[in-house]
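In what follows, a structure is listed as structure tokens, so that the remarks can point back to it.
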Amino acid sequence: MTGPNNGDLLKRIARLARENRTLEQDIKKLGEIIEKITAENKSLKALHKKSQSVTQNEGADTGKKDRSLKFNMTTILFADMRARSKLIEGMDPVSVMDELDEIFFEFDAIASKFRIEKIKTIGDTFMCAGGIPEKNITNPVDVVMAALEMRNCLENHESRRRGPGNSIWEMKIGIHTGPVSAMVTGKKKISYEIKGDTVHNASRIQAVSEEGSILMSVMTYELVKEFFNCEYFGKLPVKYKGNLGIFRLTGLKPNLSAEGKGRVPNRSFITKLGLIQFTDIQEIILDKLERELPRHLYYHNVKHTVDVVTEVELIGWAEGCTDEEILLLKTAALFHDAGHTVSYEDHELYGARLAREMLPKYNYTPEQIEAICSIIMATRLPPQPSSLLEEIICDSDLDYLGRSDFIPVSNTLFEELKAQNKMREINEWNKLQLRFISGHQYFTRTARSLREVNKQLQVERIQNLITG
């Protein structure tokens, strides 16, 4: 069958370009794709499909070479490097450029350390972005930390190369947080071309920065001010949007930095960031549970996991736990039933295994991960906790025993066991529950205070439900 003539084909190509304009299609990239398809003499149907594939919904991966994505919260960093002209007179230009490449190589390693994507180098400017391609809530803090480390890295580089006070490089950094669109290209080596007002404003902030300064927009400042000391720098006019407040970074807050010098984060900083980062981990695990838990788990479901995460925090604070202990408790609670995606039996073991696989990339230490796994394993029945944190999760896991909704929650557990042929009659179940709750005792003072009275009331309620 003969395809359409060239005249008709060009008209339809033009119409496709107009339709995709509302999706912020890169016209140049679309033209390249169209030319390629035309050269291969494909049908109009194939052309339309290819054109549409460039603007897939956010996060979709169709296997095509290029696609457009949107990120609602990305932090952009521009680091501009300049060699002092008077100090490099007589130096070999090639050596100067080689040194700049060496510095940028170290910057690239710093970006990778903080899970930041290097976008490109533009002449003497290094550009990177946090929150791409993996969306995360901590990217403003990550990028500001990377900026601090880049400044420290340059100082150390100059000191090693020429000795203190003999630097030839001056650096200015600008940071801004906001939404961006990104064109993803490549298969084996993926790269991102990002655009939008966020990129433009970050570049302008860098342009007004001063030697050795790290400037950030008010948007970034509001997201990182609990971690860093900053001072007001001024306002930057933004077309159609008024003035953009700019702040200068002075360093980490003394209580969050090693030796209080504001340059290197201490354990308190890492814990504080971990409590925020927990939101990202929670989203991943809850999504996994939604997708992978067997449908007959009426009790051990997402709601139960969220309940236990909430309860360990409540009891943990009441029992005087530290911030780090709260982080360990919440993380253990999040993973404690995740093993149900693998097996009903020994699910605690599989949950601990998942925690060991996943948590290292979120900067949990080996010691913290082992503590989390011990807390998870403590939820095995019958509970035999050997520490306060294990007592807290055991009380949280069986919190429903002392709640007013005990009967309906208990019935969901019965339905779950019945679906697996582990329990047949509701009367038999109520007798089992009566024996269990009569012999159960909460471990922590807080749980006994909150739930023990109601738990005794449940004994009477179950007795009234038992027949025969």
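The values are calculated or read from the model by the stated rules, or taken from the named source; none is laboratory data. Keep in mind it's a predicted model, so treat the numbers as computed, not measured. Here Cβ is always computed from backbone atoms with ideal geometry, including for glycine, and neighbour counts include all displayed protein chains. Note: areas computed on protein heavy atoms with side chains; ligands, DNA, RNA excluded. Shrake-Rupley method; radii C 1.70, N 1.55, O 1.52, S 1.80 Å.
Quick check on region 302-324. Is at least one of its residues in contact with an Asp or Glu (Cβ under 8 Å, 6 or more places away or on another chain), of a type in the set (A, V, I, L, M) and surrounded by 20 or more Cβ atoms within 10 Å (Cβ to Cβ)?
Taking region 302-324 first, the residues in contact with an Asp or Glu (Cβ under 8 Å, 6 or more places away or on another chain) are 302, 304-305, 307-308, 311, 315-316.
Next, from what is left, pick out any that are of a type in the set (A, V, I, L, M): 302, 308, 315.
Among the residues that remain, those that are also surrounded by 20 or more Cβ atoms within 10 Å (Cβ to Cβ) are: 308, 315.
Yes; the residues of region 302-324 include at least one that is in contact with an Asp or Glu (Cβ under 8 Å, 6 or more places away or on another chain), of a type in the set (A, V, I, L, M) and surrounded by 20 or more Cβ atoms within 10 Å (Cβ to Cβ).
Checked against (1) modelled with pLDDT of 95 or more; (2) open to solvent by less than 20 Å² (accessible area, probe 1.4 Å); (3) out of contact with any Ser or Thr (no Cβ under 7 Å at 6 or more places or on another chain), GLU99 passes all but condition (1). Of all residues in region 197-214, at least one satisfies being closer than 30 Å to ASP323 by Cα and either open to solvent by 10 Å² or more (accessible area, probe 1.4 Å) or not in a helix (DSSP H, G or I) (or both).
In summary, GLU357 fulfils each of the numbered conditions (1) farther than 21 Å from ILE270 by Cβ; (2) acidic (Asp, Glu); (3) open to solvent by 10 Å² or more (accessible area, probe 1.4 Å) with the single exception of condition (1). Counting only residues that are in contact (Cβ under 8 Å) with a residue 40 or more places away in the chain, over 14 Å from SER410 (Cα atoms) and within 41 Å of the chain's Cα centre (by Cα), region 421-468 holds 12 of them. Quick one: how many residues across region 348-367 are without any contact (Cβ under 8 Å) to a residue 12 or more places away in the chain and either under 24 Å from LEU417 (Cα atoms) or assigned to a loop (DSSP other than H, G, I, E, B) (or both)? Here the count works out to 1. Pairing residues of region 202-223 that are touching a residue at least 12 places away in the same chain (Cβ under 8 Å) and more than 15 Å from LEU148 (Cα to Cα) with residues that are assigned to a helix (DSSP H, G or I) and open to solvent by less than 70 Å² (accessible area, probe 1.4 Å), at Cβ distances under 8 Å and at least 6 apart in sequence or on separate chains, gives SER217/ASN201; SER217/ALA202; SER217/ILE205; LEU223/PRO140; LEU223/VAL141.
Taking first residues from region 107-131 that are touching a residue at least 60 places away in the same chain (Cβ under 8 Å) and partners that are open to solvent by 60 Å² or more (accessible area, probe 1.4 Å) and of a type in the set (A, V, I, L, M, F, W, C), the Cβ contacts under 7 Å between residues at least 6 apart in sequence or on separate chains come to GLY131/MET73. All of (1) farther than 20 Å from ASP142 by Cα; (2) without any contact (Cβ under 8 Å) to a residue 12 or more places away in the chain; (3) among the basic types (Lys, Arg) hold for LYS261 with one exception: (1). Taken over region 369-387, the criterion of being part of a helix (DSSP H, G or I), surrounded by fewer than 20 Cβ atoms within 10 Å (Cβ to Cβ) and touching a residue at least 24 places away in the same chain (Cβ under 8 Å) is satisfied by MET377 alone. Contact map, region 237-253: residues that are open to solvent by 50 Å² or more (accessible area, probe 1.4 Å) paired with residues that are polar (S, T, N, Q), Cβ distance under 8 Å, separation 6+ or inter-chain. Pairs shown: PRO237/ASN243; ARG248/SER213; THR250/ASN229; LYS253/ASN229. Taking the condition of a type in the set (Lys, Arg) and under 25 Å from VAL208 (Cα atoms), does LYS120 pass? The answer is yes for LYS120.
Number of residues in region 266-310 that are out of contact with any strand residue (DSSP E or B) (no Cβ under 8 Å at 6 or more places or on another chain), free of Cβ contacts under 8 Å to residues at least 60 places away in the same chain and not in a helix (DSSP H, G or I) equals 4.
Scanning region 129-144 for residues that are out of contact with any strand residue (DSSP E or B) (no Cβ under 7 Å at 6 or more places or on another chain) and either closer than 15 Å to VAL264 by Cβ or open to solvent by 10 Å² or more (accessible area, probe 1.4 Å) (or both) gives GLU134, ASN136, ILE137, VAL141. Whether a residue is closer than 20 Å to ILE119 by Cβ, small (Gly, Ala, Ser) and crowded, with 18+ Cβ neighbours inside 10 Å was assessed, and GLY174 passes this test. When the test is whether a residue is among the aromatic types (Phe, Trp, Tyr), assigned to a loop (DSSP other than H, G, I, E, B) and open to solvent by less than 50 Å² (accessible area, probe 1.4 Å), TYR442 passes it. Assess whether GLY274 counts as being among the small types (Gly, Ala, Ser), closer than 19 Å to GLU324 by Cβ and modelled with pLDDT of 95 or more. Criteria met by GLY274.
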